[in-house]
Amino acid sequence: MKSAKWLAALPVAAFFSGGWLSSVAPTFVLGMPFLMVWNVSWLVLTSLIMVVIDRAEGDLDAPTAANGDAR
């Protein structure tokens with residue numbers, strides 16, 4: 001398993017830490033409740049993390065295509 005796959009644990013940790021952070025964070029951020037801002041931010045960051053993981057893995061079908069097996 002490549003090291004980039006460990007990045008997938010970040011959104012899970014962020015999801016569970018949001019409730020804990022809401023007790024010490026301001027009630028409203030940018031006019032919205034803190035947990036809403038937290039969840040929307042991590043929704044976007046999760047997408048970016050998945051792109052990074054996908055780019056780090058590379059093309060998993062590359063060895064098959066190199067053998068001349070073009071299906």
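For segment 48-55, the criterion of being modelled with pLDDT of 85 or more and of a type in the set (Lys, Arg) is satisfied by at least one residue. Looking only at residues in segment 1-39 that are aromatic (Phe, Trp, Tyr) and surrounded by fewer than 10 Cβ atoms within 10 Å (Cβ to Cβ), the one that is nearest to Ala56 (Cα to Cα) is Phe16.
When segment 56-71 is limited to residues that are over 26 Å from Ser17 (Cβ atoms) and assigned to a helix (DSSP H, G or I), the one that is modelled with the highest pLDDT turns out to be Glu57.
For segment 31-46, residues that are polar (S, T, N, Q) and over 15 Å from Ala13 (Cα atoms) total 0.
The values are calculated or read from the model by the stated rules, or taken from the named source; none is laboratory data. Treat the numbers as computed from the prediction; the structure is a model and nothing was measured. FYI the Cβ positions are ideal-geometry reconstructions off the backbone, even for glycines, and counts take in every protein chain you see.
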